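Notes for the one structure printed next.
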Amino acid sequence: MDGLEEIEPDSTLTIVNNSAEDLIHIASFQDDTTLEKMKFIKDEVQYEALTIKANSLIEDESNWIYSFTNNETPDTLRVFLFAKNTIVSTEWDQIVSKYLILKRCDLTLSDLDSLEWTIIYP
């Protein structure tokens, strides 16, 4: 193994879904903020893995701090929240063209620390 697989998770990002609908989340350090590269979430296996059930939360243990401090990654984590129903029933080009995102957060390490590593929807 190489890269991040060798490093133990160093932080936990919690996303709380206080709504009555299931959400899908994507967290990425990509500089490119277009939605076109996220088309993979239309795959049923992917969107099931990325689902946050209504009135629940997910805890994503990962190498977030390492990624922020690694010079090869940007300094902003982008978190996108979509309605699961939108992902399931809408063509991806429509999601992109109409920007059918419920919430987008562009967060620095300092932002995450101030939020205690918790994003709350809505």
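Here Asp32, Asp43, Asp22, Asp10 are screened, and the one residue that is of a type in the set (Asp, Glu) and surrounded by 17 or more Cβ atoms within 10 Å (Cβ to Cβ) is Asp22. Within the range 36-51, residues that are without any contact (Cβ under 8 Å) to a residue 40 or more places away in the chain and within 16 Å of Ile95 (Cβ to Cβ) sit with their Cβ atoms under 9 Å from residues that are in a helix (DSSP H, G or I) and among the aromatic types (Phe, Trp, Tyr), at 6+ positions apart or across chains, in these pairs: Gln46/Phe40. Residue-level check: of (1) surrounded by 15 or more Cβ atoms within 10 Å (Cβ to Cβ); (2) part of a strand (DSSP E or B), Glu59 misses just (1).
Residue-by-condition table, conditions (1) surrounded by fewer than 17 Cβ atoms within 10 Å (Cβ to Cβ); (2) outside any helix (DSSP H, G or I):
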{"site": "Glu72", "(1), (2)": "yes, yes"}
{"site": "Arg78", "(1), (2)": "no, yes"}
{"site": "Ile87", "(1), (2)": "no, no"}
{"site": "Arg104", "(1), (2)": "yes, yes"}
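Any idea which residue in the range 16-56 is modelled with the highest pLDDT, counting only those that are of a type in the set (Ser, Thr, Tyr) and in a loop (DSSP other than H, G, I, E, B)? Filtering the range 16-56 for residues that are of a type in the set (Ser, Thr, Tyr) and in a loop (DSSP other than H, G, I, E, B), the one modelled with the highest pLDDT comes out as Ser19. Taking each residue of the range 91-109 that is on the phi > 0 side of the Ramachandran plot and looking for partners that are outside any loop (DSSP other than H, G, I, E, B) and at pLDDT below 95 with beta-carbon atoms closer than 7 Å, six or more apart or interchain, yields nothing. When the range 57-72 is limited to residues that are among the β-branched types (Val, Ile, Thr) and within 20 Å of Ile15 (Cβ to Cβ), the one that is farthest from the chain's Cα centre (by Cα) turns out to be Ile65.
The values are calculated or read from the model by the stated rules, or taken from the named source; none is laboratory data. These numbers come from a predicted model, not from an experiment. Methodologically, a virtual Cβ is constructed for each residue, glycine included, from the backbone with ideal geometry; neighbour enumeration extends over all protein chains shown.
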